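Let me begin by presenting the structure, written as structure tokens, before commenting on it.
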Amino acid sequence: MQDLGLSHLWSQGDFVIRGTAIILLIMSLLSWIVIVTKAWDLVRLKKMAQGAETRFWQSDDFEHALDTLGAKDANPFRTLAIIGREAAHHHRTSHPQLHDALDISDWLTRSLKCDIDESVAHMQSGLAVLASVGSTAPFVGLFGTVWGIYHALISIGDSGVPTIDKVAGPVGEALIMTAFGLAVAIPAVLGYNALSRGNKGVISKLNRFAHDLHAYFVTGARARPTTRSDSPMRLAAKD
């Protein structure tokens, strides 16, 4: 019994047990890479959203307002403001085209919505990895356990001494794979839920910022702040 453990499981396991352990290790590394990188991006986006809600609308003119959002194109709020300005300018100065069937309000709505959709897709990239790991890792670990128990029982049967001490050790050793599967899945599920909740908050602020930009380019003034998170424009889906 003292010889049983992780090292014994690895040394005595066949290619299936070792392959299952390697797969779980890869899944764990991928999930933690996604969690760390997306969490860093989320913190950065929240800082950008705070600047868009405070410094941007307190500026004297639009160019200065853009400067408050920084010079990086990775800022979705800055990109949204630039897209709105270009859409409004294009609609007012272009020659008659097919889009002239839309008024400036609808044209701005479509332009801003397309940009928000791209930002949402970028924020949600990688979350599918966490969802896949969280839903499949327990079953991968369970497969390793079943395979290990099967071979442990065969070995015990061949030995001809199926006593409790001969059964408990190998079977308990095989159950380690199930524990590995849960250890991989739980952080992935928790990370997915936390990141999804954080992304929803940023998306809500993007919608509110786009609604204010829409009002500014159409009427020349920012829309009055509203206490509801759902703007009448509803430029992006909530999830």
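Worth pointing out:
- Alpha-carbon centroid distance for the pair segment 20-68 / segment 171-220, whole angstrom: 12
- Legend: calculated FRET efficiency, Ala74 to Thr136, from the Cβ-Cβ distance at R0 = 30 Å, rounded to 0.05, equals 0.40.
- Förster radius 25 Å - calculated FRET efficiency between Val36 and Val16, Cβ distance, rounded to 0.05: 0.20
- Potential lengthening between Ala194 and Leu175 on full extension [0.36 nm per residue; Cα-Cα distance subtracted]: 3.9 nm
None of the figures in this text is laboratory data; all of them are computed from the coordinates on show. Small disclaimer: the values here were computed from a predicted structure and weren't measured. Because the Cβ atoms are built from the backbone with ideal geometry, glycine has one as well, and the counts that use them run over all protein chains shown.
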